[in-house]
Structure formats: structure tokens, C-alpha cells
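Participant: The structure that follows is given in the form of C-alpha cells.
What follows is calculated from the coordinates using simple rules that are stated; it is not laboratory data. As the structure is a prediction and not an experimental result, all values here were calculated from the model. Neighbour counts are summed over all protein chains in view; Cβ atoms, including those assigned to glycine, are modelled from backbone coordinates with ideal geometry.
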Amino acid sequence: MGDDLAEAIASASALVADRAGEWDRTGLLPRQLLRDLGAQGRLCAEVPTQYGGCGLGSLAGGEYTAHVGSLCSSLRSVMTSQGMAAWTVQRFGTARQRDECLGRLTGGELAAVAFSEPQAGSDLAAMDTTIRHEGDAVVVSGRKKWVTAAHYADLLLVFGHYQDGAAAVLVPAGAPGVRVERIAEPLGCRAAGHADLRLDSVRLPPDSVLGGHGLPLSLLVTTALAYGRLSVAWGCVGILRACLAATTEHAAARRQFGRPLAEHQLVARHLAELYTGEQIASRVCEHASRCWDSGSPEQVVATVLAKHVSAARAAQGAASAVQVLASAGATDGGLVARAYRDAKLMEIIEGSSELCQLLLAQHAISAAGASGPATATGFGAGDLREAP
Amino acid sequence: MTDQHTSTDAVESELLDFLAGQTRSRWEPETDLFAAGGLSSLFAMQLVVHLEKSYGIAIRGADLRLDNFRSARLMSALVRRLQAAQSDGLDG
């Protein structure tokens, strides 16, 4: 596994080389590069080898994600989407769906995951998309917003209401009734292919619906997002590592007032804070991944913590990096300028900072035994009680 | 705790201990955790991970329906069924 990780990391460096700035400016990743990485199983490297994946554990997969995130957050975002689609299929798919779909996701096909809607952002329970049986088909109708990687995707994993609960359904991007409308100028991860989706009575074979039925929407979404949150968290570690490297290099070389920037105390504080942020984010992500790798139930809360801490630190760290590099870092497409825009988005997607804080506060209350049985352990207390 | 065919009672009492540790209150074997307790989807996910780790089972696809996790008794029945299916080589 160590060799696999080292090889994947070296290969990512060679593939991206110095092109991330150009991808950011043009808003596009080379499709063939995505297909090649996908066919090597390296867009969802944690998929078990029996399904064509690299079989990386969460910790190794996280280090790989951080490395790609240090090179290009747009590419890392595409990986997060692919990995989240694969993880959801692994969890909720039937044995046949796992065999077939994971094979495609490690064979060069690209996937995107559609949660948010015009009226359902943080409040995903408010989603309107429906998946229903009609004759010998299932019919999917709804609108989705801000679907990362949808511009490149062959397969869209769409969440919606289904029977007495919810389901995720695999929708080919080319199916009649599907329209993918690219978001023209996203603030960050500009080449990640964000798009809005219109699904107008899209008819599909019934086995496009993952797994069974009777799944509450909140459980389905929480489970799928868990992977995405940890992937984003590791991506933020990558942003911090890239910013730290660029900033220390600049502060050591650039001289003002007769000495290196790093010897000016106010600049040194930026360096110390960046280093601190990188270390803290690394440790919380490592902890969460170890919980995943050991099967500890603590993984659920540790993942929310990792996402929250890492995104906040990345946003602060990238802002410091731009401050220290100043005119040397203020050009669009440049590493720290990209990091600045990309990191801000990380505080919003996959559960905003505020939503993470709510979950962590509820956990803190219940872990202290401060709530009665009626709200005990309420991580999003009561969200399973009422069927949406 | 990965013995084949862990007895239902043993699973049930271990689960009640786990629930007590996590929620700081005792639950009856047949209490509906999600109807009465206001328990959350994050907690349901913790239960899934706990069952998989403690009993060496994989809970996938249609088995993830909430009805399998409503009470300690229902969860122990799920564990028993999945352990039996695995020892019959009927994985997934």
C-alpha cells in the first residue's frame, strides 16, 4: 500500500506539473487527464481492489487527497465527487450495482453527486426532487444546484424523495430529459466543472435506484456526505501545505529593509500561524481517518470536526499567504491566489462552517450528558423522527 | 467479538450498554430509539459502524433501512441474520 501511495503521489505531480494555474484561468481540466486518472482507479483510490480501485485506507487515501489538493483544488474536487459517488454505491448499492457501477467508476467514467437544490441548501430535507415508479420505469424530476464535476460527468448520482423515504438514483448524464448547465464563473475551484441540473421526467430502468427503500433522506445524505467531508478536509490540508511552502520560500528569499521578510516579526507571525494551521488540520484529519480505518463509531463526529477545522484553517492560512506574498501572490491563477479563492469555498460546501458548528455543539451537549433522553446524542437531533 | 453466531441476548445487552454509553441514559430492548429519542442520522451512522466493527458484518444496500435499527432487539436480529448469511457464503 505504501508503494501504491507513493506511486499515486508521484504520478499526480507529473500529471499536474505547472498547469494548475492555466486550468484555473480557463476554467477547464483536460478531460483526457480525468479519464486516464479514473481508469487507473485514482479518482476514487479508496475503492477496494476487487472493484478495480487502489484499495487505499482512509489515512493513505487522505494523504493522496491532500497531495492532489496541494497541486490543484479543482482536480481534488473532482476526486471528492468521484470518491463520494463510489462510497455511496458501496454503502447503498446492491451487490450487482456495486460490481457494475464501481467497475465503471474505476474504468474511466466520471461521476458527480447532486444534493443541493434552489430551495434546499443546508436544509436538504427541503429538497423537491422526486424518484417514482411509472410502469416499468423510474422517473426522476427536479432541479439540482451547484453540482461539482457535473460538467465532466458521465453519471449523475441524484438524491430525491422515493416511496416512503428517499433514495439515490444513477442517472446517465446523456439520458433524455437531463440538462447540465455550467456555472460560468465560480469563485473557487474554477475548473471543477460545477453545474446546475434540470431533470425533466427522466425515465430510467428500475435498477438505477440504489439499494432498497425505506431509507430516511437524512441518513442517506449524512452517510454520503461523510466521505465528502473527510475528502474536503484533506484537500484543505493540501491547500495549507502548498501555502506554507510558497510562503516560507518567499519570506526567506525576499529582502526588505535590509533583511529577509521572515526576520520581520509581523511576517514571522503569519508563518507561525500558517505552520500551526497546517499541523492542526493534519492531526484532526489523521485522527478522523484512523477512526475510519479502525471502524470506530467516533469517525462520524471526528469527520465533522476535521472538515470544520481544516476548512477554517485553510481559509485563514490562504489569506495570510496572500498577505505575505503580496504583489508576488496577487495574480489570478497563481498558487496562493487560487488557494485564497478555493479555500473560501471549502467553508461553504459539504456542510457550511455554521452547520458543522451546530452538529459539534449538539455533540458536545450530549457527550457531557447535559441533555435528557429526549434529545440525547442529538447530532442533528430528531432528524430521523419525522419522515420528510 | 467476531465469533460466528454471537447469541442474540449477548448482542442485545452489548448494544444496550453501547447505547447507554453514547446517550448517557438506559434504553429498553424494544424502545424505538428514533421515535422516542429524537436520535439523529449521525447517530444512526455511528450505530452502523459500531455493529460492523463489533460483529464482523457488512451492512449494505437494503439492509440499511431504518427499521433494522429502531431498537436494540431489531439490531441484534439484523446481526444474527447477517452473520448467518455470511457463514453461508451469501455475502451482500
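Participant: For chain A, count the residues as N, evaluate 2.2 N^0.38 Å, and divide the Cα radius of gyration by that value, please.
Facilitator: Ratio of Rg to 2.2 N^0.38 Å for chain A: 0.99.
Participant: Among the helices of chain A (complete DSSP H runs), which have Cα atoms covering no less than 27 Å along the helix axis and a Kyte-Doolittle mean of at least 1.0?
Facilitator: The qualifying helices are A:217-253.
Participant: Using the Cα centre of the protein assembly as shown as the reference point, and only Cβ charges (+1 on K/R, -1 on D/E), how large is the resulting charge dipole? Debye, rounded to the nearest 20.
Facilitator: So the magnitude is around 1200 debye.
Participant: Roughly what would the spin-label model give for B:A84 and A:A14, points 7 Å off Cα along C-beta, in nm?
Facilitator: With each label point 7 Å from Cα toward Cβ, the separation is 5.3 nm.
Participant: Counting each DSSP H run of 4 or more residues in chain A as -39500 (n - 2.57), what helix-only mean residue ellipticity at 222 nm follows after dividing by all residues, to the nearest 500 deg cm²/dmol?
Facilitator: Taken over chain A, the calculation gives -17000 deg cm²/dmol.
Participant: Give a residue-ordered list of calculated ³J(HN,Hα) values for the range B:22-29 (Karplus: 6.51 cos²θ - 1.76 cosθ + 1.60, θ = phi - 60°; whole Hz; x for Gly, Pro).
Facilitator: Along the range B:22-29, the couplings run 7, 9, 6, 8, 8, 10, 7, x Hz.
Participant: Okay, moving on. From the phi of every residue in the range B:53-68, what ³J(HN,Hα) in whole Hz does the Karplus formula 6.51 cos²θ - 1.76 cosθ + 1.60 yield, where θ is phi - 60° and glycine or proline is x?
Facilitator: 6, 6, 10, x, 10, 10, 9, 10, x, 5, 5, 7, 5, 4, 4, 7
Participant: Before anything else, pin down the relative contact order of chain A: Cα pairs under 8 Å, at least 6 apart, normalised by residue count, whole percent.
Facilitator: Answer for chain A is 17 percent.
Participant: Return the Rg/Rh value of the range B:8-87, two decimal places, where both radii are evaluated on C-alpha atoms and Rh is the Kirkwood radius.
Facilitator: Here the Rg-to-Rh quotient is 0.93.
Participant: Restricting the count to DSSP beta bridges whose residues both fall in chain A, what percent are antiparallel, rounded to a multiple of 5?
Facilitator: Among the beta bridges of chain A, antiparallel pairing accounts for roughly 85 percent.
Participant: Give the average, rounded to an integer, of partner chain Cβ atoms located within 10 angstrom of each Cβ in A:356-366.
Facilitator: Mean number of neighbouring Cβ atoms from other chains: 1.
Participant: Give the separation of the Cα centroids, the range A:151-215 to the range A:293-356, in Å.
Facilitator: The distance from the Cα centre of the range A:151-215 to that of the range A:293-356 comes to 26 Å.
Participant: What lysines could a cross-link reach from A:K307, if we take a straight Cα to Cα line under 21 Å and drop same-chain neighbours fewer than 8 places away?
Facilitator: Within the straight-line cut-off, A:K307 pairs with A:K344.
Participant: Please tell me the relative contact order of the range A:112-213 in percent, rounded to the nearest whole number, where contacts are Cα pairs under 8 Å and at least six residues apart.
Facilitator: 32 percent
Participant: Let's test the formula: R0 of 30 Å, r as the Cβ-Cβ distance of A:T130 and A:S352. What FRET efficiency results, to the nearest 0.05?
Facilitator: E(calc), rounded to 0.05, equals 0.70.
Participant: If amide H atoms are built 1.01 Å from N in the plane of the peptide, which residues on other chains or at least 5 residues away come under 5 Å of the amide H of A:A166?
Facilitator: A:G214, A:L215, A:L217
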